[in-house]
1. Read through the list (1) at the interface with chain A (Cβ under 9 Å from one of its Cβ atoms); (2) among the charged types (D, E, K, R); (3) farther than 30 Å from A:Arg9 by Cβ, then give the number of the only condition that B:Lys103 fails.
2. If you scan the range B:46-57, which residues turn out to be without any contact (Cβ under 8 Å) to a residue 40 or more places away in the chain and more than 7 Å from chain A (Cβ to nearest Cβ)?
3. Consider the range B:61-85. How many of its residues are assigned to a loop (DSSP other than H, G, I, E, B), under 24 Å from B:Gln38 (Cβ atoms) and in contact (Cβ under 8 Å) with a residue 24 or more places away in the chain?
4. Take B:Gly104 and decide whether it is among the small types (Gly, Ala, Ser), surrounded by fewer than 22 Cβ atoms within 10 Å (Cβ to Cβ) and at pLDDT 95 or above.
5. Looking only at the range B:47-60, which residues are surrounded by 16 or more Cβ atoms within 10 Å (Cβ to Cβ) and either part of a loop (DSSP other than H, G, I, E, B) or in contact with a Pro (Cβ under 6 Å, 6 or more places away or on another chain) (or both)?
6. Which strands (runs of 3 or more DSSP E) sit wholly inside the range A:1-60 and have at least 1 residues that are closer than 20 Å to A:Gly84 by Cα?
7. Can you name the number of the only condition in (1) surrounded by fewer than 19 Cβ atoms within 10 Å (Cβ to Cβ); (2) not in a strand (DSSP E or B) that B:Phe30 fails?
8. Taking the conditions exactly as written (within 14 Å of chain B (Cβ to nearest Cβ) and in contact (Cβ under 8 Å) with a residue 24 or more places away in the chain), does A:Gly42 satisfy them or not?
Amino acid sequence: KAGVTQTPRYLIKTRGQQVTLSCSPISGHRSVSWYQQTPGQGLQFLFEYFSETQRNKGNFPGRFSGRQFSNSRSEMNVSTLELGDSALYLCASSLRRDPGELFFGEGSRLTVL
Amino acid sequence: QQQVKQSPQSLIVQKGGISIINCAYENTAFDYFPWYQQFPGKGPALLIAIRPDVSEKKEGRFTISFNKSAKQFSLHIMDSQPGDSATYFCAASNGYTPLVFGKGTRLSVIA
């Protein structure tokens with residue numbers, strides 16, 4: 001059974017640009033969550049989608065947005081990139097919405113210069 | 001506002017020793033407490049989880065101890081091995097709220 005797939009794995013952008021990250025959840029999983037991981041802050045919640053609807057949103061500026069498609073695949077977008085957006089962005093999928101096991105991908109490492 | 005406080009930030013343990021990582025939470029509505037393990041270059045993976053109706057849960061060498069009155073829970077790794085060297089995250093959730101993670105503990109097990 002394939003795991004959570006995130007693309008691209010690595011990318012470098014400059015300040016002011018925008019970026020789109022993609023996540024393919026485990027087959028059959030309908031819930032997708034996104035987290036930002038940085039050395040100083042650990043894992044911080046960005047958003048959660050279930051059946052194409054955003055169910056929860058973390059405390060991030062409006063430059064961070066996301067969506068989920070009918071096949072449960074998800075994308076997140078960051079516009080007007082800032083140096084502080086450099087981080088590992090992790091996507092996780094789960095079978096249901098209730099607290100249970102999150103299956104994480106290996107992440108997309110974004111570097112903003 | 002950090003809802004889950006994790007300590008220590010880093011930990012060095014001799015092979016065969018016991019590794020102990022502690023977490024404290026603020027929200028008394030939390031009712032699910034997992035621990036995740038992350039190796040370099042990989043995403044976190046669920047290690048073990050507990051709900052507040054029990055005070056301890058053991059899976060192999062890994063044990064979660066839970067103290068509801070103190071709002072604390074801890075991970076104990078018995079007979080620590082070099083292969084256990086990783087970053088460990090505690091987390092907490094309530095119903096449909098997203099998992100809130102601690103800032104992580106980098107464990108190094110040395111021979």
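1. (3)
2. Of all residues in the range B:46-57, those without any contact (Cβ under 8 Å) to a residue 40 or more places away in the chain come to B:46, B:48-57.
B:Ile48, B:Ala49, B:Ile50, B:Arg51, B:Pro52, B:Asp53, B:Val54, B:Ser55, B:Glu56, B:Lys57 - these are the residues of the range B:46-57 that are without any contact (Cβ under 8 Å) to a residue 40 or more places away in the chain and more than 7 Å from chain A (Cβ to nearest Cβ).
3. Number satisfying all stated conditions: 5.
4. Values: among the small types (Gly, Ala, Ser): yes; surrounded by fewer than 22 Cβ atoms within 10 Å (Cβ to Cβ): no; at pLDDT 95 or above: yes.
No.
5. Matches in the range B:47-60: B:Ala49 only.
6. Once the strands (runs of 3 or more DSSP E) in the range A:1-60 are filtered for at least 1 residues that are closer than 20 Å to A:Gly84 by Cα, what remains is A:10-13, A:19-24, A:31-38, A:42-50, A:53-57.
7. Single failed check for B:Phe30: (1).
8. Spelling it out, it is not the case that A:Gly42 is within 14 Å of chain B (Cβ to nearest Cβ) and in contact (Cβ under 8 Å) with a residue 24 or more places away in the chain.
The values are calculated or read from the model by the stated rules, or taken from the named source; none is laboratory data. This structure is a prediction, so every number in the text was calculated from the model and none was measured. Methodologically, a virtual Cβ is constructed for each residue, glycine included, from the backbone with ideal geometry; neighbour enumeration extends over all protein chains shown.
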